[in-house]
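Following: one structure in structure tokens, then a few remarks.
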Amino acid sequence: MRVDKFLKNSRLIKRRTVAKEACDQGRVFINDRQAKAGTEVEVGDIIRIEFGTSSVAAKVAALTESCRKEDAAGMYEIIE
């Protein structure tokens, strides 16, 4: 699954276009490597997103093409 789609489906970022822009600006990292919007994500990968002065790191727990809002939190585990 593409990283921009994962970020949108997991509700870590609200919209896919915003997720794509974050990737294009170099603020999204997968396993400590800068990620483009089309970079593939797999279960077990660690995604780090930089929001201004803070950052969020999450481990990918599941990949689903579509899910309800209540199930979105089960797609990742917050690390830091």
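Take Ala58 and decide whether it is part of a loop (DSSP other than H, G, I, E, B) and surrounded by 15 or more Cβ atoms within 10 Å (Cβ to Cβ). Let's see the steps before the verdict.
Numbers: part of a loop (DSSP other than H, G, I, E, B): no; surrounded by 15 or more Cβ atoms within 10 Å (Cβ to Cβ): yes.
The answer is no for Ala58.
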Taking first residues from region 14-34 that are of a type in the set (D, E, K, R) and second residues anywhere that are part of a strand (DSSP E or B), the pairs with Cβ under 6 Å that are 6 or more apart or on different chains are Arg27/Glu50
Within region 17-44, residues within 15 Å of Met75 (Cβ to Cβ) and either surrounded by fewer than 18 Cβ atoms within 10 Å (Cβ to Cβ) or touching a His at 6+ places or on another chain (Cβ under 7 Å) (or both) come out as Glu42, Val43, Gly44
Worksheet item: Would you call Glu50 open to solvent by 50 Å² or more (accessible area, probe 1.4 Å), acidic (Asp, Glu) and in a helix (DSSP H, G or I)?
Response: no
Reported set for region 61-80 where residues are within 15 Å of Asp4 (Cβ to Cβ) and touching a strand residue (DSSP E or B) at 6+ places or on another chain (Cβ under 6 Å) is Tyr76
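One line per residue, one yes/no per condition, for (1) among the β-branched types (Val, Ile, Thr); (2) at pLDDT below 95; (3) in contact with a Cys (Cβ under 7 Å, 6 or more places away or on another chain):
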{"position": "Arg11", "(1), (2), (3)": "no, yes, no"}
{"position": "Ala37", "(1), (2), (3)": "no, yes, yes"}
{"position": "Glu40", "(1), (2), (3)": "no, yes, no"}
{"position": "Val43", "(1), (2), (3)": "yes, yes, no"}
{"position": "Gly52", "(1), (2), (3)": "no, yes, no"}
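The values are calculated or read from the model by the stated rules, or taken from the named source; none is laboratory data. This is a predicted model, so every value here is computed, not measured. Backbone-built Cβ (ideal geometry, glycine too); neighbour counts: all protein chains shown. Please note that ligands, DNA and RNA were not included when accessible areas were found on the heavy atoms of the full protein model with its side chains. Shrake-Rupley method; radii C 1.70, N 1.55, O 1.52, S 1.80 Å.
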